[in-house]
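The values are calculated or read from the model by the stated rules, or taken from the named source; none is laboratory data. No experiment lies behind these values; they were computed from the predicted model shown. Cβ placement follows ideal geometry from the backbone for every residue including glycine, while neighbour counts extend to all protein chains displayed. Accessible surface is based on the protein model in full, side chains and every heavy atom, while ligands, DNA and RNA are left aside. Shrake-Rupley method; radii C 1.70, N 1.55, O 1.52, S 1.80 Å.
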Amino acid sequence: MEGPVEVELEDGSVVTSDRFRVALCTCRRSRRYPWCDTSHRDRA
């Protein structure tokens with residue numbers, strides 16, 4: 001997604017990002033949820 005972006009979470013709180021481009025996490029492994037930090041990738 002291209003920013004700025006606002007996302008409303010299940011608990012009703014809203015998080016924002018003013019970055020040019022963001023990726024949303026769908027696996028919930030990210031330490032920065034709801035933003036993806038690539039934690040879903042296998043580490044070699």
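Residue by residue, segment 7-13 carries 3J(HN,Hα) couplings of 10, 9, 7, 4, 7, x, 6 Hz when phi is fed to the Karplus relation 6.51 cos²θ - 1.76 cosθ + 1.60 (θ = phi - 60°); x denotes Gly or Pro.
Counting other C-beta atoms within 10 Å, and keeping those with at most 12, which DSSP coil GluC sites (Glu not before Pro) do you find in the chain? Spell out each step's value before the answer.
Working: sites: E2, E6, E8, E10; in loops: E10.
Sparse-neighbourhood loop GluC sites (Glu not before Pro): E10.
The Cys residues in the chain with no partner Cys Cβ within less than 4.7 Å of their Cβ are C27.
Near V14: Cβ cut-off under 11 Å, other residues only, Lys/Arg at +1 and Asp/Glu at -1. The net charge is -3.
Solvent-accessible area per residue in the chain equals 87 Å², computed with a 1.4 angstrom probe and all protein chains kept. Over the chain, Cα pairs under 8 Å with separation of 6+ residues give a relative contact order of 28 percent. For Cα extents along the principal axes in Å, the value calculated from this model appears in (1) 68, 8, 5; (2) 54, 17, 7; (3) 34, 26, 12 under label (3).
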